[in-house]
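Below is one structure; the comments refer to it alone.
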Amino acid sequence: MDNSYINELNSILQNFSVPQKVYNFKSINIGLINYTYVVFELNKPKYILQRINTSVFKNVKGLMHNYNNVIKLLNSNSHSEFKIYNTNDNTSFYTLNDDCWRLISFVKNSISYNTTSEEKIAFEAGKLVGNFHALLQNENPNDYIETIPQFHNLQLRLHEFKQAYKKASFNKIDVTKSEVDFVQKTAPFLTQLNNASLPIRICHNDTKLNNMLFSKDSNKGLYLIDLDTVMPGYFYYDFGDAIRTLVNSAKEDEKDLEKITFNTIMFEQFIKGLKISDLKITTPEIASLQYGAVYMPFIHGLRALTDYLNNNVYYQVSYENQNLDRCKSLFKLAKLAKEKIPYMSSSIKKELIV
């Protein structure tokens, strides 16, 4: 990071209610939407500075309203380290030109993982997701805005895909034939999910593994982070998204599809962790979970495919075909999960139905 950008970031920090010092920064590149920096004071991590992607999150005031609601609940549950630092004008974010910035605490002695094969991590992840939902289960959905309207709505994502396909270049249509065929075969199966029987919950909506913090010492689950997509939804969203990154230890844009797996031991450990959490799950919700494990990699793969056809306007990419590689690996996982539905159903009933 060059000195001019470090100076620019320090200038932004001066607008927040923190000690006015010269800080150092390290970019975190695991997120696909926002730009995130660890702020160091004397070589010790102190804060997380984020530039919110206002092309994706158009109502930043509403987003931060949701964020603050959740932070209050987390802190009431003894999660005292996790906080938002207000600006000098006592607002929760700072606006510079068209950019919006926020500053949150760095959780000491914590670690996150992109992938893992550790059973304890899967178990703790189950507890973390369950306890997060238990903490929010009495919240009124009307008190939360949709930060990305219809975020996991399959009909919307299919419509966006079809529009992108109509406008795509001949070459992109040609190289995505097998993926388009998978969409056509799999979408009707997933549209059978009956959301009408499910309670609307305040969901995290992005429970991939690297949005979970664990203790460096014990691997105990600490927090779900990246709360930008906290809004009304269905529990199978968060269940399926967590399973997506726990049962498969390959990276999301893995090119060798033989490395894409569905690890049943990790699945079972997540269920066991969920079972001992404080969350009470309804019978219709339990019946939806195995489908969520197919739904979430499918819908993420569909969005990656759509973005590829649209010339990569949504997700950050480091090379031209990265979204296509994401799509291929996610669709492979969705296919494996669909084949595991009888197994998942049996395992879920064994642990969660008393």
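The values are calculated or read from the model by the stated rules, or taken from the named source; none is laboratory data. Quantities reported herein were computed from a predicted structural model and do not represent experimental measurements. All Cβ positions, even for glycine, are placed from backbone atoms using ideal geometry, and neighbour counts span all protein chains on display. Accessible surface is based on the protein model in full, side chains and every heavy atom, while ligands, DNA and RNA are left aside. Shrake-Rupley method; radii C 1.70, N 1.55, O 1.52, S 1.80 Å.
Quick look at the values:
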read-out: Filter result (among the aliphatic types (A, V, I, L, M), in a strand (DSSP E or B) and under 20 Å from the mean Cα position of the chain (by Cα)) within region 86-115; value: LEU103, ILE104, ILE111
read-out: So ALA164, is it touching a residue at least 12 places away in the same chain (Cβ under 8 Å), in contact with a Ser or Thr (Cβ under 6 Å, 6 or more places away or on another chain) and aliphatic (A, V, I, L, M); value: yes
read-out: Qualifying residue in region 19-29 (condition: of a type outside the set (A, V, I, L, M, F, W, C), surrounded by 16 or more Cβ atoms within 10 Å (Cβ to Cβ) and part of a helix (DSSP H, G or I)); value: no
read-out: Members of region 217-256 that are among the charged types (D, E, K, R) and closer than 20 Å to LEU333 by Cβ; value: ASP238, ASP241, ARG244, LYS251, GLU252, ASP253, GLU254, LYS255, ASP256
read-out: Output for region 40-67, where each listed residue is among the polar types (S, T, N, Q) and closer than 22 Å to PHE214 by Cα; value: ASN43, GLN50
read-out: Selection within region 116-155 - open to solvent by 50 Å² or more (accessible area, probe 1.4 Å), in contact (Cβ under 8 Å) with a residue 24 or more places away in the chain, closer than 15 Å to PHE235 by Cα and part of a loop (DSSP other than H, G, I, E, B); value: GLN137, GLU139
read-out: Given (1) within 22 Å of the chain's Cα centre (by Cα); (2) among the polar types (S, T, N, Q); (3) loosely packed, with under 14 Cβ neighbours inside 10 Å; (4) farther than 26 Å from LYS335 by Cβ, index of the condition SER169 fails; value: (1)
read-out: Residues located in region 224-253, provided they are surrounded by fewer than 19 Cβ atoms within 10 Å (Cβ to Cβ) and outside any loop (DSSP other than H, G, I, E, B); value: PRO232
read-out: Restricting region 32-60 to residues that are in contact (Cβ under 8 Å) with a residue 12 or more places away in the chain, charged (D, E, K, R) and open to solvent by 40 Å² or more (accessible area, probe 1.4 Å), the residue that is farthest from VAL230 (Cα to Cα); value: LYS46
read-out: Answer residue from region 247-302, given it is of a type in the set (Asp, Glu) and within 29 Å of ILE202 (Cβ to Cβ) and is nearest to the chain's Cα centre (by Cα) among those; value: GLU252
read-out: Residues of region 176-215 that turn out to be outside any helix (DSSP H, G or I), open to solvent by less than 10 Å² (accessible area, probe 1.4 Å) and touching a Gly at 6+ places or on another chain (Cβ under 9 Å), as a count; value: 7
read-out: Among (1) within 21 Å of the chain's Cα centre (by Cα); (2) not in a helix (DSSP H, G or I), the one test that PHE161 misses; value: (2)
read-out: Verdict on SER218 being among the hydroxyl-bearing types (Ser, Thr, Tyr) and more than 27 Å from THR147 (Cβ to Cβ); value: yes
read-out: Hits in region 261-270 - residues which are aliphatic (A, V, I, L, M) and surrounded by 22 or more Cβ atoms within 10 Å (Cβ to Cβ); value: MET266
read-out: Selection status of GLY301, more than 27 Å from GLN137 (Cα to Cα) and either buried (at least 18 other Cβ atoms within 10 Å of the Cβ) or among the aliphatic types (A, V, I, L, M) (or both); value: yes
